[in-house]
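Student: Sending over a structure as structure tokens; questions will come in a sec.
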Amino acid sequence: MPKQVNGFLAEDGTFFESEPECKRYEYSKFLETLCESHELNYENFMATINAWHQQIKGYFDADEACQTKQTKRDHTLDFTPKFEGDYLPFTDGSLPSVEEDRAYNPSGDKDAPGFLEQSFRGYK
């Protein structure tokens with residue numbers, strides 16, 4: 001029997017009773033896609049973000065209060081980062097490829113997966 005409901009649908013059709021829950025879900029899916037496209041382990045990335053959330057929030061809040069901003073906060077879901085050119089640390093904002101990232105590691109096995117590539121909760 002059809003039932004009238006009030007709520008929010010994510011782009012993939014998942015239903016939420018509140019808009020904030022729906023937005024969080026959509027952003028988490030967006031972050032998961034970004035992690036996959038950059039060969040990062042999503043679970044490890046989220047664990048790092050959650051562990052550093054106070055420092056990250058503090059940084060964004062402090063930057064928001066400054067006249068010249070170092071961060072560009074884009075709150076839209078259609079944000080598509082552009083990573084172009086060679087990797088130059090801290091200059092152009094691009095990320096290294098997995099191979100480039102390993103090449104900068106002065107110690108250890110260059111073929112060992114990086115922290116964000118490892119899975120600690122089982123295999124995918």
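Student: Which one of these does G93 not meet: (1) more than 30 Å from G7 (Cα to Cα); (2) at pLDDT 90 or above?
Tutor: Unmet for G93, out of (1) more than 30 Å from G7 (Cα to Cα); (2) at pLDDT 90 or above: (2).
Student: Is it the case that the stretch 65-77 has a residue that's among the hydrophobic types (A, V, I, L, M, F, W, C), outside any helix (DSSP H, G or I), surrounded by 10 or more Cβ atoms within 10 Å (Cβ to Cβ) and at pLDDT below 95?
Tutor: Yes; the residues of the stretch 65-77 include at least one that is among the hydrophobic types (A, V, I, L, M, F, W, C), outside any helix (DSSP H, G or I), surrounded by 10 or more Cβ atoms within 10 Å (Cβ to Cβ) and at pLDDT below 95.
Student: Moving on to the next point. Hey, among E26, E43, which residue is closer than 22 Å to F8 by Cβ and surrounded by 14 or more Cβ atoms within 10 Å (Cβ to Cβ)?
Tutor: E26
Student: Contact list please: Cβ distance under 8 Å, first residue in the stretch 18-34 and more than 14 Å from N6 (Cα to Cα), second residue among the polar types (S, T, N, Q) and loosely packed, with under 15 Cβ neighbours inside 10 Å, pairs at least six apart or on different chains.
Tutor: Here the result reads Y25/T14, each pair linking the stretch 18-34 to a residue that is among the polar types (S, T, N, Q) and loosely packed, with under 15 Cβ neighbours inside 10 Å.
The values are calculated or read from the model by the stated rules, or taken from the named source; none is laboratory data. Note that the structure is a prediction, hence the values are computed from the model and not measured. Note: ideal-geometry Cβ built from the backbone for every residue, glycine included; neighbour counts use all protein chains shown.
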